[in-house]
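Let me begin by presenting the structure, written as structure tokens, before commenting on it.
Read-outs: derived from the displayed coordinates by stated rules, not from any lab. This structure is a prediction, so every number in the text was calculated from the model and none was measured. Quick reminder, even Gly has a Cβ in these numbers, built from the backbone with ideal geometry, and neighbours come from all protein chains shown.
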Amino acid sequence: MALLLLGCVVCIFSAITGVQAFEASSRTGTLITYWQGSWRWLAVVYGAIFAVAFYGIYRRFPIAWKLGWVLLIASAVDFIVESWLALIHEPDGWFFAVVATLLVIGVALYWGVWWRKQKHYFTPNATEKT
């Protein structure tokens with residue numbers, strides 16, 4: 001919940017200041033990227049999503065647990081697709097893409113097991129396990 005709240009605050013800060021990203025490098029110095037045009041509203045949308053997710057977990061809504069699965073699976077699939085798109089054109093890129101795919105599947109399984117164990121938290125009238 002703390003990370004969701006932090007994400008919400010950072011998105012609001014990004015929407016207000018217009019800063020999209022920054023990178024610090026000893027070779028090139030500090031590079032700041034700003035939102036262009038109406039894309040700044042995307043930071044507000046992200047902040048609202050983080051706020052709704054925080055509230056859903058805080059209030060223990062069962063739908064938040066189900067949406068957690070959607071987020072977990074969508075994040076894993078997105079990472080795999082992005083890995084393949086970025087690495088497939090590199091020499092031996094297919095090898096690293098396969099390694100990234102296997103690692104992401106392992107990480108997703110780990111967090112899937114952990115998230116499954118959290119179901120009691122979202123079950124109405126469930127007794128707390130300590």
(request) With unit charges on the beta carbon (Lys/Arg positive, Asp/Glu negative), name the residue among Ile105, Phe79, Leu5 whose Cα is farthest towards the positive pole of the charge dipole of the chain. (result) Leu5
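Nearest 500 deg cm²/dmol is fine: what mean residue ellipticity at 222 nm does the chain get from its DSSP H runs of n ≥ 4 alone, each adding -39,500 (n - 2.57), divided by its residue count? Don't skip to the answer; put the middle values down first.
On the way: 5 runs with 90 residues, N = 130.
The helix contribution divided over the chain gives -23500 deg cm²/dmol.
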(request) Once you have the Kirkwood Rh of the range 80-120 from its Cα pairs, apply Stokes-Einstein at 37 °C and 0.692 mPa s and quote D in µm²/s. (result) 292
(request) Return a whole-number percent for the relative contact order of the range 1-59, with Cα pairs under 8 Å and 6 or more residues apart as the contact set. (result) 47
(message) Which one, Trp94, Trp111, Trp65, has the greatest fluctuation when you compute a Gaussian network model over the chain with C-alpha springs under 10 angstrom?
(response) Trp94
(message) Which residue fluctuates most in the GNM of the chain (Cα springs below 10 Å): Ile32, Ile105, Ile57?
(response) Ile32
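In which sequence would Asp78, Asp92 go, from the one with the fewest C-beta neighbours within 10 Å to the one with the most? Intermediate values should be presented prior to the final figure.
Working: Asp78 11, Asp92 8.
Placing the least packed residue first, the sequence is Asp92, Asp78.
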(request) Give the share of C-alpha pairs in each 10 angstrom bin for the range 60-130, from 0 to the last occupied bin, in whole percents, shortest bins first. (result) 19, 36, 23, 14, 7, 1
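Assigning unit charges at the beta carbon (Lys, Arg +1; Asp, Glu -1) and nothing else, what dipole magnitude in debye, to the nearest 20, does the chain show about its Cα centre? It would help to have the intermediate numbers written out before the result.
Values: 9 positive and 6 negative charges, 145 e Å.
Rounded to the nearest 20 debye, it is 700 debye.
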(request) Take the Cα coordinates of the range 1-59, assign each an equal point scatterer, and use the Debye formula without solvent to give log10 I(q)/I(0) at q = 0.12, 0.24 Å⁻¹. (result) -0.35, -0.88
(message) Counting C-alpha atoms alone, how compact is the chain: give Rg to one decimal and Dmax as a whole number, in angstrom.
(response) 18.7, 57
